[in-house]
Structures are given as structure tokens and as C-alpha cells.
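Reading through the C-alpha cells given below for one structure.
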Amino acid sequence: MDNLTRLIAGYASALVFEELPEEVVHAATQRMVDSLACAIAAYRCEPAEIGIRLARGAAPKRYPGRILGYGEKSTAEDAAFVNTAMIRNLDFNDQYPGGHPSDCLGAFLAIAEAAGADGRRLLSSMVVAYELFVRFNDATGLRTKGWDQGFVIGICTAAGIGHLLRLSPRMVGEAIAITAVANVPMRNTRAGELSLWKGTATAFATRNALFATLLAAEGMTGPDRPFEGKHGLWDLITGPFELAPLPGRGGEFRTPQVQLKYWPVEYNAQLVVWAALELRSKIDWRNLTEVNFGTYAFAYSEIGSDPEKWDPKTRETADHSLPYIFARTLVDGTITAASFEEAAYRDPLLRPLMAKIRVRKDEAIDALYPETVALKVEAKTKDGRDYSFTPQDPLGHNKNPMQDKDIETKFLRAAESVLGTPRASEALRCWWDLPNVSDLSKALNLIDMGPSAIKR
């Protein structure tokens, strides 16, 4: 076992809930409630329905998997896929530069009940994954090399599931090794016209990681040096790297640094929504002649460079399109999940407005990222007026964090329409109290909405 594998496995096996600082437990609980809000809001989304059709043909085995919201169980790995697809579908879940650590939670929520875990064990598994996630992303820079976030999601999911199941360090190491060598997804997933796979690539990663961990628990072994050995990650892709010190090993807990989203759009577009609302308060959008955006390199690459972003033909392209999100918000005065239905993103009213939008990388803005997220906006109107402003750090950023009340509002907006207000409120109270929940079945039952009405 190479040194990096040994480090990760040892950390995952040794972490103890009782040693977690209160602020870390609260931050983890916040992000769990937030992630459930995202999943509930995406109940019956197309990727989940596709996954359900497969899952219904699979009989639960040793660890029957809990499918969020559907009141059904399948294999753990199929449930992990469906759960992650729901958490991820609206692009409404938390983020850290490099990806979405809450994508791991679909697997944890699939298997926690069958594993006999309580709320504390679920949260400590979550912290294992989150702490590894931020460090792997900081150290590897995989997305800049053309690789997708599913690699890191897979590694962190395997470590978290290993912790949840109380596997030995050796077994966790085998699970990580199997996951690492078998799953290195390409970032082509997020280029050009985006498909359903954009929101389900990490669901596939969590499914694979959970399966790898269950294999390891039964005695399957993986390559001895997946990171540092010949043809390993270092050799083929990243070069040598070191993870920043982990908590208890000289490092601080970084789970609270994972950022939440106020709007159901790609993270780099959060500020775009706020910018549209600010401009809307000053002008009539019909009078615009041009709007120029200066942004940081990653935002430009993700939401402002591909030509497809000016003519989105899929929901996934629309929620990764700076011109569409800005125009839609400018016209409607808000952005919601309904803003990405086909009738909305194909709205012919928006195309002339989107054609007036230009996006460029701004070196000064780029130099601030990621410590400060900023956007330079310059707009001109038919009557010759100019508007220039630079919004920074949207609600949810570490410098402008969402508060408990904001997360509660997000949860209730998603849940009340499907659960009813009394039950949604009860579910919220239960999940806020997750550190004291001894029986996860009750908590999970509270967010069950019944079987899906999909076409067979």
C-alpha cells in the first residue's frame, strides 16, 4: 500500500465523531439539510427516473439501498446512483472549487440505514469525505488537466463508506485502490452541448465507489500503489503531490469552507443572477444594446466560452450558460427550477437579448479568485447611458455565508409542495437534530413521497 493510500485509509478509519468541533458538526448538518432540499426539489427528475427503472429490477442484497423520497429499496449501489442523481440534478447543491462534495452523500444515505448507523455516524462519514475532498482538489488540479470531478468524488465516497461500515484501514485502502484505478472520468462531460450525463456523472462515481467498498469488505484486493506506483495517478496524470495536513494530523477542519448555493444554477453563475437583479432595478432590459462581462478563468471556461451557451438546447446547457441565466433573470426577476424547463430555455424572446451579451476573461478579476468571487459588468442602453458595477461574493460564499434560516427556507420551499407543510416542518426539525438521531429510518421515512409515477 503506497503512502497516500495508507494516509487516507488511516484517517477514514480513525476519525471519531466525539472529537469533531461543534462548528464542524453544525456545518456538516447544514450541508446535509441543504443537500436533502436539493434532492427533494429534484424528485422525479429524469435521471432519477431512469435509475429507478433499473433499480426496480434489482433485488436488495446484504445491504438493501434506501432510495430517497420513493419509499423503495434496491441494491445499495443502484440506490446510490439514484440518490446522487437527485442531489445533483438541479445544480443546487454545495460546492468547493473543483466540484460538489455533497455528491458523496447519495451513497451514504443509500446504505446508512442498512448498516445500522446513527446520525452521528452518518455525519462523521460525511466529514471524512468532505475533508478529503477539499484537499484532493487543492492538491491535484485534475479539472485543469481535463479530468472530471468524479475521480475525487469516488475516492472520497469510498473513504466515507469505509468509515460508515467501520472497515479496517486495510479494507478501506483496498476500496480506495479499486476505485482509483477503475474510475478516471473525462471532463468532456461538461463541454459543448451538455447532456443528462452532466448531472449524473458523479452518481456513476458514487455507485462505483460503493460497489468497490462492498467488494473490499468481502476480501477483494486492489492494486498496491494506485497513486504513487508505475502507471498510477502520479505517473500518468498529476505528478507527485501531497495532501494538506488532515485534522488531527496538523490540519484544521475545512468542512465549513464548502460553500452553499442560494440559486439553482452552476456556482460560477450565482453572481450572474445577483448582477441581473441589480441591473434590473436600474433599467428596462428592453433598452439594452450590449452587456459585457469580465470574469475569472474558470467561470469563463465553464459558463461563458462555448458557443452552445448562447443557444442552449438542453436543460444542462442552460444551467451552465452565463448569457441564458443572466437574460432569464433579467426578464423574469428571479431564477427557479422552472427556468430550466424546455419552454423557458427555448424561449425565442431571449435569443436577441442573449446575442447582446459578451463574456471575457478579466485578469484583475481572475487574480482575486477563489478567495474573492467577483464579476465586472458593463451595460449600455439605447439612450446612451452606461452602467458599470462589480458585484462580489454571492450569498453562500464564505465571506457571505448562508445562515440557518436561509437553509430552512430552501428546504421548506422544496419540501412543502410534495410533503405538505406539517410534514415538511417535522422533517426539517428531525434532520436539524441529526447528531441526536439514533434511528435513521424515521428521519428517512419523513422525506418519503411515495412511488414514482413513471412510465413502465
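Before moving on, here are some points about what is shown:
- Environment charge of residue 277, counting only residues whose C-beta is closer than 12 Å and scoring Lys/Arg +1, Asp/Glu -1: +1
- Estimated inter-spin distance, residue 442 and residue 118, nm [label 7 Å along Cα→Cβ]: 1.2
- Simple spin-label estimate for residue 346 and residue 398 in nanometres, 7 Å along Cα-Cβ: 4.3
- Each residue of the range 73-83 is assigned a 3J(HN,Hα), and the resulting list reads 10, 9, 5, 4, 5, 5, 5, 4, 4, 5, 4 Hz, derived from the Karplus form 6.51 cos²θ - 1.76 cosθ + 1.60 (θ = phi - 60°), x at Gly and Pro.
- Per residue of the chain, the DSSP helices (runs of n ≥ 4 H) give a summed -39500 (n - 2.57) that works out to -14000 deg cm²/dmol at 222 nm.
- Entry note, the chain: relative contact order of 20 percent, from Cα contacts under 8 Å with a spacing of 6+ residues.
- Given (i) 1.15; (ii) 0.96; (iii) 1.23, the label whose value is Cα Rg over 2.2 N^0.38 Å derived from this model: (ii)
- Once the Cα-Cα distance is subtracted from the 0.36 nm per residue extended length, the residue 26 to residue 193 segment shows a gain of 56.3 nm.
- Residues residue 360 and residue 383, FRET efficiency given R0 of 25 Å [Cβ-Cβ distance, rounded to 0.05]: 0.50
- Between residue 251 and 246, the built amide H atoms are under 5 Å apart, and every one of these is 5 or more places off in sequence or on another chain.
- Each label point was placed 7 Å from the Cα along the Cα-to-Cβ direction; for residue 17 and residue 237 their separation is 3.3 nm.
- Neighbour cut-off at most 11 other Cβ (10 Å), DSSP loop, GluC sites (Glu not before Pro), the range 194-295: 218, 242
- Over 22 Å (Cα to Cα) - which of 261/376; 309/361; 356/380; 376/410; 313/376; 282/376 fall in this group: 376/410; 313/376
- Low-density loop cleavage sites - trypsin sites (Lys or Arg not before Pro) in the range 248-280, where at most 16 other Cβ are within 10 Å (DSSP): 249
- Set of lysines with alpha-carbon distance to residue 230 below 23 Å, sequence-local pairs under 8 removed: 145
Read-outs throughout are calculated quantities, based only on the coordinates presented, and are distinct from any laboratory measurement. Remember, predicted model here, so these are calculated numbers, not experimental data. Every residue, glycine as well, gets a Cβ built from its backbone with ideal geometry; the counts of neighbours run over all protein chains shown.
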